[in-house]
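The values are calculated or read from the model by the stated rules, or taken from the named source; none is laboratory data. All of these numbers come straight from a predicted model, not from anything done at the bench. Note that we place each Cβ from the backbone using ideal geometry, even for glycine, and neighbour counts take in every protein chain shown.
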Amino acid sequence: MMSDFLKQQSPSNENWLDNLDKIQDGARRNYFSALPEEEQFQKYFSEAFIINKPKGKIGRDGYWLHTSGRDLYFALFTFVEEGHLTSMMIRIYINALRKMVEEYLINFPGSILQFLHREVTARFRNKNNILLNTNANVSIVKINPEAGQMEFAGANMDLIQIDIDSKISIIEGEKRQIGEAADQIKSYPSNSIENMKNSSFYLCGTGVFNLIGGSDFKKLMLRDLTSFLRMNRKLTLNEQKIEINRFFNEWTGSRGQNDNIMVIGLRP
């Protein structure tokens, strides 16, 4: 390994690398401590799982869960770049999302995305943004389980729905990120999901569709994943989680994981 080679060259190299390891380990702890535990999702949904496998010590995916009365909100976001500053950006996004719902009383997913974009761009408008890229792909879901109501809005992210009869529905988000340098007003429509019953829903981080592998050594496509999910639709979500991890491992093969893996699955 290169790090072992450098450590052998001089004590100063070894000390520098040890300090770097400590910084990365601390950043990894900060990253995971900012995110809700899987058990919190399972508390509010009949079934749920979270797969979060960063390529390195720190991923570029984050997610958020919030309750307000009878409504549940959750979001997934993938930042354009990764690094030790990612955990800070995750906390900024989580705090901004909480502010949208609790303080501004914005309750439509599309409106939340629009105001999130304004909040992030306003916060960093006058700062040097060379090392801190605020851009993210974001999806937001609002569910009222008692009323059987569900809404979705996405900024460069989609929602996958697979029902027990094997129908696949892709609820598409807008092809526009949050936090881009351009300051134009952006709108993100909310999409109502009419039939939640007997369906499973999935949100995927951007890195999932950058995974290289398969027999043709290509990027994983949406149709590859949805076909696999449809084939396993009758399994419990705990069983699906095991099979999805196996699917990703088999897809990447001996070459290993080349990007971050983030998937949230749930049944309302």
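Structure notes:
- Unique residue being closer than 30 Å to Gln114 by Cα, surrounded by fewer than 17 Cβ atoms within 10 Å (Cβ to Cβ), at pLDDT below 95 and not aliphatic (A, V, I, L, M) when the list is Glu172, Glu194, Glu180: Glu194
- Filter pass, Tyr104 being at negative phi, loosely packed, with under 15 Cβ neighbours inside 10 Å and at pLDDT 90 or above: yes
- Restricting the range 40-55 to residues that are touching a Lys or Arg at 6+ places or on another chain (Cβ under 9 Å) and outside any strand (DSSP E or B), the residue that is surrounded by the fewest Cβ atoms within 10 Å (Cβ to Cβ): Ser46
- Selected residue (criterion: surrounded by the most Cβ atoms within 10 Å (Cβ to Cβ)) from residues of the range 71-81 that are under 19 Å from Ile50 (Cβ atoms) and under 13 Å from the mean Cα position of the chain (by Cα): Phe77
- Answer from Ile92, Ile112, Ile160, Ile140 - the residue that is modelled with pLDDT of 95 or more, surrounded by fewer than 23 Cβ atoms within 10 Å (Cβ to Cβ), of a type in the set (Val, Ile, Thr) and not in a loop (DSSP other than H, G, I, E, B): Ile160
Let's see how each residue does on (1) under 19 Å from Gly62 (Cα atoms); (2) β-branched (Val, Ile, Thr):
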{"residue": "Lys197", "(1), (2)": "no, no"}
{"residue": "Cys204", "(1), (2)": "yes, no"}
{"residue": "Ile212", "(1), (2)": "no, yes"}
{"residue": "Thr226", "(1), (2)": "no, yes"}
{"residue": "Lys234", "(1), (2)": "no, no"}
{"residue": "Gln240", "(1), (2)": "no, no"}
{"residue": "Gly256", "(1), (2)": "no, no"}
{"residue": "Arg267", "(1), (2)": "no, no"}
